[in-house]
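Visitor: Quick one: this structure, given as structure tokens, is what I'll be asking you about.
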Amino acid sequence: MRRRYFLALLVGTWSWLFLTSGWAPAQDVAGNTDPRLSVSDLSMVGSGEARRITGNVTNASDATCPYVYVLFTLFDSDDQLVGNTYDSVENLQPGNSWAFSCPVANPKVIRWRLDKMTCSQMAPVPEQPVPIPGGQ
């Protein structure tokens, strides 16, 4: 009886934490990030097709970043690429932070990776779309 009570308590506690914590898929940060910028508080919020990757980027340099861009690559449960998402802001002042929010509409996404975080003089030229398996 004691063992069942402990197991029920453990499962109940874990379920409560899971449901109230805004569970996020596995995350990763690639090495292609600008040393003038730092990222913190990465998480995924929302559910279903209304999810977003959120976080904060701080300008750690002593100069304004005219254009800041974050790009995430999205993966499914088979670790297959299913898309990308991004956000950007202009004129991030030294020492200031920007709260970004990148949409994740594909419900198959379970893992994501921050692939680019740049501070540049101008908006990047749009890259060729990443081919999605199955042509979607």
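Visitor: Of the residues SER38, SER97, which single one is of a type outside the set (Phe, Trp, Tyr), open to solvent by 70 Å² or more (accessible area, probe 1.4 Å) and either touching a helix residue (DSSP H, G or I) at 6+ places or on another chain (Cβ under 6 Å) or modelled with pLDDT of 90 or more (or both)?
Guide: Only one candidate qualifies: SER97.
Visitor: Kindly indicate which of ASN91, ASN106 is in contact (Cβ under 8 Å) with a residue 40 or more places away in the chain and either open to solvent by 80 Å² or more (accessible area, probe 1.4 Å) or closer than 17 Å to MET44 by Cβ (or both). Walk me through how you get there before you give the answer.
Guide: On the way: ASN91 fails: in contact (Cβ under 8 Å) with a residue 40 or more places away in the chain.
Residue meeting the stated conditions: ASN106.
Visitor: Among what's in region 45-61 and is charged (D, E, K, R) and open to solvent by 30 Å² or more (accessible area, probe 1.4 Å), pick the residue that is nearest to MET117 (Cα to Cα).
Guide: Filtering region 45-61 down to residues charged (D, E, K, R) leaves 49, 51-52.
Pick out the ones that are also open to solvent by 30 Å² or more (accessible area, probe 1.4 Å) and you get 49, 52.
On the way: GLU49: 24, ARG52: 17 Å.
Across region 45-61, the extreme among qualifying residues is ARG52.
Visitor: Within region 62-82, take every residue that is among the polar types (S, T, N, Q) and open to solvent by 30 Å² or more (accessible area, probe 1.4 Å) and give me the one that is farthest from the chain's Cα centre (by Cα).
Guide: The residue in question is THR64.
Visitor: While we're on this one: THR85 passes all but one of (1) surrounded by fewer than 16 Cβ atoms within 10 Å (Cβ to Cβ); (2) in contact with a Pro (Cβ under 9 Å, 6 or more places away or on another chain); which number fails?
Guide: (1)
The values are calculated or read from the model by the stated rules, or taken from the named source; none is laboratory data. None of these values were measured; they are calculated from a predicted model. Because the Cβ atoms are built from the backbone with ideal geometry, glycine has one as well, and the counts that use them run over all protein chains shown. Side chains included, ligands, DNA and RNA excluded: accessible areas come from the protein's heavy atoms. Shrake-Rupley method; radii C 1.70, N 1.55, O 1.52, S 1.80 Å.
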